[in-house]
Amino acid sequence: MSQPTSAGFSATSPNKSRGGANVQASPLKGALSARNVAAAVFVPKVNGGSSPSLPAASPAPAPRSAVDGVASDVSDMKIDSVNSKEFTPGAYTQNGPGTPSMYSASYDVDPMNSAFDPSQAGSSHEPAVQSQPSRPFNPYEHMNEFGDPTPAQGPPGLGIGGGMDYYSAAANGAAKLRQPLHYHLYAPPLPHVSNLHPHHLTANAFFLNPNQREELQRKQEAMLASIPPPELGGPNLPEELHVYHSLVPLEHPGPGAPSSMGMPPGLIDPRMGAPGANGATGASGDHSKVFGYRSHSYKATCTLDGKRYVLRRLEGFRLQHEAAIALVERWRRIRHPSIVSVREAFTTRAFGDQSIVFVYDYHPLATTLYAEHMTIKAAQPDRRTGRMQPVSMQVPERTLWSYLCQLTSSLRSIHSSNLAARCIEASKVLRTGKNRVRINCCSVFDVIAYNPDENGADALKAQQQEDLVNLGALILSIGLNSISATNDIASSLAMFAGRFSAELKQVVSWLLGQSSAPYETEDETEVPRTVSELMRVLGSHCADEMDSALNYTDLMENSLMKELENGRLVRLLCKFGFINERPEFDHDPRWAETGDRYVIKLFRDHVFHAVDEAGRPVVDLSHILSNLNKLDAGTDEKIMLTSRDEHSCLVVSYREIKNCIESAFQDLSRTR
């Protein structure tokens with residue numbers, strides 16, 4: 001005998017009776033006969049089973065006559081729709097409660113007229129939506145979530161296109177509104193330069209890195225640093241020197257000098273301390289061990305272009321040959337990223353003596369390699385603990401290869417111009433950034449040591465060979481953190497070999513003339529010591545240096561993109577400042593409180609004057625940036641603006657607010 005479960009459920013299910021044909025009325029008002037009471041109990045399907053009832057929960061099979069009686073009395077029944085409890089099937093899957101599929105969801109979910117049959121929900125013999133009424137027309141059916149046409153269709157039998165169904169997707173939280181792409185829409189940083197936590201992304205992606213910003217601001221402060229006038233205790237310097245003015249000393253005045261004579265605080269690198277105070281460099285006016293004259297350095301502003309330059313003055317020098325100073329013109333033509341550019345040279349009596357002044361580009365907060373690697377630095381705070389920690393003097397080998405590649409490239413440019421640097425010294429090579437070096441004081445020796453009898457090719461070749469020897473001595477001194485390492489080259493090379501690789505040691509030994517080749521050879525063939533040969537030896541390391549430069553360029557470009565986004569928000573905030581709280585315009589004292597300006601005022605309160613549930617001000621940078629970006633883009637997203645007294649409420653879109661701002665600003669800027 002067959003189970004009576006289906007017949008029993010068809011008679012007792014309110015959903016089935018509402019969706020099927022109308023039954024005849026019966027005198028029995030919601031009452032069941034004795035035969036119906038004896039019918040089997042219906043157990044609904046659970047967990048997606050294929051059987052409409054569970055055999056374990058079913059009672060013993062009823063006699064055939066009982067089943068026939070139940071079928072014959074169906075017309076004598078009427079379910080009371082008011083008092084009966086509706087059966088609401090749950091959306092269950094084999095893994096527990098599930099979300100209805102986008103394709104199986106219906107537009108018209110009417111609990112009073114739906115034809116949903118839970119006994120057929122788990123069966124694959126008949127589609128579940130077969131008896132559903134036709135859904136309303138969807139104008140977005142032929143498009144996906146990005147508004148693009150999608151000719152492909154969805155699963156068969158559902159009548160739904162392959163594109164995302166907006167209404168059913170909205171019920172599932174999957175709807176996506178696409179705004180038109182404009183050039184000024186803010187985009188997050190690229191993945192190869194940033195990988196931040198989401199709650200840090202907005203602030204850190206929109207603004208410059210704090211460490212980089214601090215460094216750039218210190219350089220800006222150094223460019224604008226000034227000294228007090230002589231009547232207030234400042235140094236007695238000429239007000240104008242050639243085409244330069246506002247001279248500021250770049251060197252420490254020496255021990256015993258008053259504080260007003262010292263360097264401005266903005267010119268002092270916090271990592272190094274005051275130059276000359278700890279022996280890192282000589283004091284202003286000290287006798288130069290390299291040039292042999294008393295030397296002074298100043299920062300000055302040019303009256304021709306308003307830019308800052310460095311004036312290096314050699315005290316007590318008398319120019320004997322006019323051709324000597326003409327050599328500076330040849331140095332002016334050299335432009336290289338690892339050379340401090342030479343601008344001009346001139347003689348002067350403005351300091352009360354006969355002096356010569358060389359003009360170079362100014363690099364704020366630049367230090368020398370001597371001060372960077374051969375003097376003990378002050379303790380620096382640890383980033384994690386905040387405690388003061390001593391600074392390690394050990395130089396990584398990668399840094400030495402970087403210095404060697406940069407200086408070799410600069411020597412290649414100098415030697416190809418038939419010149420010689422003649423100033424490869426630890427105190428004359430500047431560090432202008434992290435692992436970024438430049439040769440300074442070029443052209444000085446060509447002028448002060450000019451000899452008309454030694455201007456031939458042999459003298460130039462000897463000077464270029466001396467450049468390579470000085471380059472090897474410089475790398476050796478930096479690696480050992482001692483300027484006296486060249487006093488005993490043999491023992492210094494042995495100590496150098498214990499710290500660094502054999503390849504670097506072999507190159508330095510070849511530059512110093514201690515070996516015949518920059519690499520290991522079996523026949524001891526002598527390799528000529530030239531800058532071209534050195535470039536071939538450094539080929540792989542120059543490629544590493546180029547990779548680092550390209551990565552750094554990507555970081556700088558990303559930082560520029562962040563500041564580019566800041567500019568448009570500054571312009572937007574300027575428009576806010578012109579409009580909001582304006583006391584009077586066009587003889588109307590309430591101009592800023594009426595019309596479109598009232599909406600702008602409410603939006604200003606929404607962005608900057610928001611409070612939380614406890615009444616505390618919401619100081620959230622992400623809230624401000626997201627609202628201003630949406631306003632600048634003019635999106636169609638709507639927000640609710642409430643007045644301060646909470647008596648009026650407006651629902652407007654960002655596009656409408658943007659139009660109000662543009663209209664008000666045009667009123668202010670139009671010609672009267």
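The values are calculated or read from the model by the stated rules, or taken from the named source; none is laboratory data. No experiment lies behind these values; they were computed from the predicted model shown. Backbone-built Cβ (ideal geometry, glycine too); neighbour counts: all protein chains shown.
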* Structure fact -> In region 347-357, residues that are over 16 Å from P249 (Cβ atoms) and crowded, with 17+ Cβ neighbours inside 10 Å total 1
* Structure fact -> Only one of (1) farther than 17 Å from L411 by Cβ; (2) surrounded by fewer than 17 Cβ atoms within 10 Å (Cβ to Cβ); (3) of a type outside the set (D, E, K, R) does not apply to I483, and that is (2)
* Inter-residue pairs, beta-carbon under 6 Å, first without any contact (Cβ under 8 Å) to a residue 40 or more places away in the chain and on the phi < 0 side of the Ramachandran plot and in region 308-336, second of a type outside the set (S, T, Y) and not in a helix (DSSP H, G or I), 6+ apart -> R318/Q354; R332/V342
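For region 517-534, indicate whether the set of residues that are of a type in the set (A, V, I, L, M, F, W, C) and in a helix (DSSP H, G or I) is non-empty.
yes
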* Asked: Is it the case that R398 is surrounded by fewer than 17 Cβ atoms within 10 Å (Cβ to Cβ), not aliphatic (A, V, I, L, M) and not in a loop (DSSP other than H, G, I, E, B)?
  -> yes
* **Positions within region 215-256 being in a strand (DSSP E or B) and either free of Cβ contacts under 8 Å to residues at least 40 places away in the same chain or not hydrophobic (A, V, I, L, M, F, W, C) (or both), in sequence order** => E240, Y244, H245, S246, P249
* Asked: N580 fails exactly one of the following numbered conditions: (1) touching a residue at least 24 places away in the same chain (Cβ under 8 Å); (2) more than 20 Å from Q666 (Cβ to Cβ); (3) surrounded by 12 or more Cβ atoms within 10 Å (Cβ to Cβ). What is the number of that condition?
  -> (2)
* To do: Only one of these is over 38 Å from the mean Cα position of the chain (by Cα), surrounded by fewer than 19 Cβ atoms within 10 Å (Cβ to Cβ) and more than 30 Å from L419 (Cα to Cα): G498, G513. Name it.
  => G498
* To do: Starting from residues that are more than 19 Å from D305 (Cβ to Cβ) and among the small types (G, A, S), keep the ones in region 227-248 and report whichever is surrounded by the most Cβ atoms within 10 Å (Cβ to Cβ).
  => G234
* Asked: Take the residues of region 299-326 that are closer than 28 Å to K289 by Cβ and of a type in the set (V, I, T): which is nearest to the chain's Cα centre (by Cα)?
  -> V310
* To do: Looking for whichever is closer than 30 Å to R330 by Cβ, in the same structural domain as R431 (by TED's automatic domain parsing), crowded, with 20+ Cβ neighbours inside 10 Å and touching a Leu at 6+ places or on another chain (Cβ under 9 Å) here; the options are V447, V469. Which one fits?
  => V447
* Asked: Scanning for something within 30 Å of Y362 (Cβ to Cβ) and either surrounded by 12 or more Cβ atoms within 10 Å (Cβ to Cβ) or touching a residue at least 60 places away in the same chain (Cβ under 8 Å) (or both), does region 519-531 turn up at least one residue?
  -> yes
* To do: Identify all residues within region 385-424 that are of a type outside the set (V, I, T), touching a strand residue (DSSP E or B) at 6+ places or on another chain (Cβ under 9 Å) and touching a residue at least 12 places away in the same chain (Cβ under 8 Å); write none if there are none.
  => S402, Y403, Q406, L407, S410, L411, S413, A421, C423
* May I ask you to verify whether V508 is in a helix (DSSP H, G or I), assigned by TED's automatic domain parsing to the domain that holds H373 and surrounded by 20 or more Cβ atoms within 10 Å (Cβ to Cβ)? => yes
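Here is a yes/no grid of residues against (1) modelled with pLDDT under 90; (2) crowded, with 17+ Cβ neighbours inside 10 Å; (3) among the hydroxyl-bearing types (S, T, Y):
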site	(1), (2), (3)
P270	yes, no, no
G273	yes, no, no
G276	yes, yes, no
T281	yes, yes, yes
D286	yes, no, no
V290	yes, no, no
A300	no, yes, no
L304	no, no, no
F317	no, yes, no
